[in-house]
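The values are calculated or read from the model by the stated rules, or taken from the named source; none is laboratory data. Please read all numbers here as calculations on a predicted model, not as lab measurements. FYI the Cβ positions are ideal-geometry reconstructions off the backbone, even for glycines, and counts take in every protein chain you see. Accessible surface is based on the protein model in full, side chains and every heavy atom, while ligands, DNA and RNA are left aside. Shrake-Rupley method; radii C 1.70, N 1.55, O 1.52, S 1.80 Å.
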Amino acid sequence: MHSKLYIPAGSAPAPYTVAITPEDAGWAESSLHVVDLGEHSELSLHTADTEVMILPLAGAGNVTCGDDSFTLSPRGSVFDGPADMVYVGVDQTYTLVGRGRIAICGARATRSGRRFPNRRVAAADVAVELRGAGNCSRQVHNFGTATAFEADSLIACEVLTPGGNWSSYPAHKHDENTDVETQLEEIYYFEIDDSPAGTTGFGYHRVYGTPERPIEVLEEVRSGDVVLVPHGYHGPSIAAPGHHMYYLNVMAGSGPTRAWMICDDPAHTWLRASWEHQQVDPRLPFPQPASDTRSPAPPAG
């Protein structure tokens, strides 16, 4: 039986494949919509009290808002490197014209009382971070993180994990506003790469709580699936061998500071020290060379 925090691919009405509002999630801030524009389509939306970050997952487009017009350059897939991102602030109507799958990350923007200008971040300007080492290696695209991009509440990034690796690990939490942690509601949206043989991929994602705030989620995830993290430790996100994993993280919270401050599960934080003696997975960074370096599966027997 699936957890109520698991939202399967395709559960939203067309043209959306994902449509999560704060009300749907049962929390106050974070939202995510993924729209499938097909070969060519147009969509007009109003931000109301929400700020958004718009980026192509596999596609391209143009965002027009008042006198502003921004291009979203083509991206073939989420494994092809960073994408352009367009930010649109609160109380504005914008039109998205394009093709393919486009993500609209959102958060209610009432923290600072400021209005931030609409603007574009080019893919070439997105900071790419290689995090972890060994079989905990992953790649992070910091297009909308608190230290990389100025906004009111919304924090977003992309994470790519080579097949067989563990990501979002050690398990960590951010569900309290303290000197070392910020309360953030988090959305994980997954896409899984097909294997070199063309088989459909999958992975696993876990969320677990504390004695004071129990929660227990362990889900098999496939392309287009979502897992919500209202509180508790989350991780690992595990990519099945032979299948690279992508996830889009969308976060926002109630604290006075827009920041991603986390606390590891004390039982697992020792793992970080072990990375000092390991190399980053040589399959990173993505995108892969034209000839895929993944080894084919050995014959059965």
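Just checking, which of G100, G59 is touching a residue at least 24 places away in the same chain (Cβ under 8 Å), of a type in the set (G, A, S) and open to solvent by less than 10 Å² (accessible area, probe 1.4 Å)?
Exactly one of G100, G59 is touching a residue at least 24 places away in the same chain (Cβ under 8 Å), of a type in the set (G, A, S) and open to solvent by less than 10 Å² (accessible area, probe 1.4 Å), namely G59.
Can you tell me which of D36, D24 is farther than 21 Å from D193 by Cβ and either acidic (D, E) or touching a helix residue (DSSP H, G or I) at 6+ places or on another chain (Cβ under 8 Å) (or both)?
When all the criteria are applied, what remains is D24.
Condition test on D84, is it surrounded by fewer than 17 Cβ atoms within 10 Å (Cβ to Cβ) and acidic (D, E)?
No; evaluated as a whole, the condition is false for this residue.
Answer yes or no as to whether T178 is modelled with pLDDT of 95 or more, at negative phi and not in a strand (DSSP E or B).
yes
Anything in region 1-16 that is in a strand (DSSP E or B) and either in contact with a Ser or Thr (Cβ under 8 Å, 6 or more places away or on another chain) or within 16 Å of S31 (Cβ to Cβ) (or both)? List them, or say none.
Those that are in a strand (DSSP E or B) and either in contact with a Ser or Thr (Cβ under 8 Å, 6 or more places away or on another chain) or within 16 Å of S31 (Cβ to Cβ) (or both): I7, Y16.
Answer yes or no: is there a residue in region 229-244 that is farther than 22 Å from L55 by Cα, modelled with pLDDT under 95 and surrounded by fewer than 18 Cβ atoms within 10 Å (Cβ to Cβ).
no
Going by the structure shown, is A267 over 30 Å from P56 (Cβ atoms), part of a helix (DSSP H, G or I) and free of Cβ contacts under 8 Å to residues at least 40 places away in the same chain?
No.
Please specify each residue of region 65-80 satisfying the condition of being open to solvent by less than 20 Å² (accessible area, probe 1.4 Å) and either under 17 Å from V126 (Cα atoms) or β-branched (V, I, T) (or both).
Across region 65-80, the qualifying residues are L72, R75, V78.
With the requirement that a residue be over 19 Å from V207 (Cα atoms) and open to solvent by less than 40 Å² (accessible area, probe 1.4 Å), what does region 1-18 give you?
A12, T17, V18
How many residues are open to solvent by 10 Å² or more (accessible area, probe 1.4 Å), in contact (Cβ under 8 Å) with a residue 40 or more places away in the chain and either in a loop (DSSP other than H, G, I, E, B) or among the aromatic types (F, W, Y) (or both) when one looks only at region 183-198?
Result for region 183-198: 6.
So is G134 without any contact (Cβ under 8 Å) to a residue 60 or more places away in the chain, at positive phi and surrounded by fewer than 17 Cβ atoms within 10 Å (Cβ to Cβ) or not?
Spelling it out, it is not the case that G134 is without any contact (Cβ under 8 Å) to a residue 60 or more places away in the chain, at positive phi and surrounded by fewer than 17 Cβ atoms within 10 Å (Cβ to Cβ).
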